[in-house]
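Peer 1: This is the structure, below, for whatever I ask next.
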Amino acid sequence: MSDGTALAGPDGALRCPWALSTADYVTYHDEEWGRPVHGDDALYERLSLEAFQSGLSWITILRRRPAFRTAFADFEIAKVAAFTDEDRERLIADPGIIRNRAKIDATLANARVLADWAPGELDALIWSHAPDPTTRPVPKTLADVPAVTPESTALSRALKKRGLRFVGPTTAYALMQACGLVDDHLETCIARSAP
């Protein structure tokens, strides 16, 4: 049982303890989580997947990500914005994704909203809420990692004000962690501030 500090992984390197339950998590932790993500489509994908994760474990989403990408046209905003009622019904019937009507509807509605934004506007809006890394304490244990911050609350409000759905403060903070706006790898974790 972990005390919330970094633990040795399969190769002996210290990692955040949440990352060690499956090989999928180790790879995601080491290669993706906390690394900067830019581009409207890439951020739309992460925002959508974080919304689908709400109430579920991240591993459920991570293992279904290839099916999500296929179902949602690789999360290309323009393509998803053009989805029809038939596409919606196809998504609701797709066993490869999470078939939650509210989350599917939010993902489609968000694409329609974002399709009217200028190129780079989503990227700029999200990254404008990145906190100054020099003012953030480095987490030593999982207990030091917040679920919500003033920045994630502000990002949530900004996204909602612009018409996006399923973007509460907790989802916004998970997005900030996943996309590298914050580095919540533990102090002794091998991935801490990795290039």
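The values are calculated or read from the model by the stated rules, or taken from the named source; none is laboratory data. Treat the numbers as computed from the prediction; the structure is a model and nothing was measured. As a convention, Cβ positions derive from the backbone with ideal geometry for all residues, glycine included, and neighbour counts pool all protein chains shown.
Peer 1: Pick from region 25-58 the residues that are at pLDDT 95 or above and among the aromatic types (Phe, Trp, Tyr): which of them is surrounded by the fewest Cβ atoms within 10 Å (Cβ to Cβ)?
Peer 2: Tyr28
Peer 1: Related question: Are any of the residues in region 136-143 free of Cβ contacts under 8 Å to residues at least 40 places away in the same chain, aliphatic (A, V, I, L, M), in a helix (DSSP H, G or I) and over 15 Å from Gly34 (Cα atoms)?
Peer 2: no
Peer 1: A further question follows. Among (1) in contact with a Leu (Cβ under 9 Å, 6 or more places away or on another chain); (2) crowded, with 21+ Cβ neighbours inside 10 Å; (3) in a helix (DSSP H, G or I), there is one condition Leu186 misses while meeting the rest; what is its number?
Peer 2: (3)
Peer 1: What tally of residues in region 103-128 results from selecting those that are without any contact (Cβ under 8 Å) to a residue 40 or more places away in the chain, of a type in the set (A, V, I, L, M, F, W, C) and under 14 Å from Glu76 (Cα atoms)?
Peer 2: Within region 103-128, residues that are without any contact (Cβ under 8 Å) to a residue 40 or more places away in the chain, of a type in the set (A, V, I, L, M, F, W, C) and under 14 Å from Glu76 (Cα atoms) number 2.
Peer 1: Identify, by number, the condition in (1) more than 23 Å from Leu164 (Cα to Cα); (2) touching a residue at least 60 places away in the same chain (Cβ under 8 Å) that Ile59 doesn't meet.
Peer 2: (2)
Peer 1: Assuming Arg101 fulfils every condition listed in (1) at pLDDT 95 or above; (2) within 28 Å of Asp183 (Cβ to Cβ); (3) charged (D, E, K, R) apart from one, which condition is it?
Peer 2: (2)
Peer 1: Could I ask something else about it? Whether any residue in region 164-179 is of a type in the set (S, T, N, Q), out of contact with any helix residue (DSSP H, G or I) (no Cβ under 6 Å at 6 or more places or on another chain), closer than 18 Å to Asp123 by Cα and surrounded by 15 or more Cβ atoms within 10 Å (Cβ to Cβ) is what I want to check.
Peer 2: So far as region 164-179 goes, yes, one or more of its residues are of a type in the set (S, T, N, Q), out of contact with any helix residue (DSSP H, G or I) (no Cβ under 6 Å at 6 or more places or on another chain), closer than 18 Å to Asp123 by Cα and surrounded by 15 or more Cβ atoms within 10 Å (Cβ to Cβ).
Peer 1: Listed residues Ser193, Ser156, Ser152; which is modelled with pLDDT under 95 and polar (S, T, N, Q)?
Peer 2: Ser193
Peer 1: To continue, here is another question. Residues being within 13 Å of Ala191 (Cα to Cα) and either charged (D, E, K, R) or in contact with a helix residue (DSSP H, G or I) (Cβ under 8 Å, 6 or more places away or on another chain) (or both): count how many of those fall in region 5-17.
Peer 2: Number of matching residues: 6.
Peer 1: Starting from residues that are among the small types (Gly, Ala, Ser) and either closer than 13 Å to Leu47 by Cα or not in a helix (DSSP H, G or I) (or both), keep the ones in region 64-108 and report whichever is nearest to the chain's Cα centre (by Cα).
Peer 2: Among them, the one singled out is Ala106.
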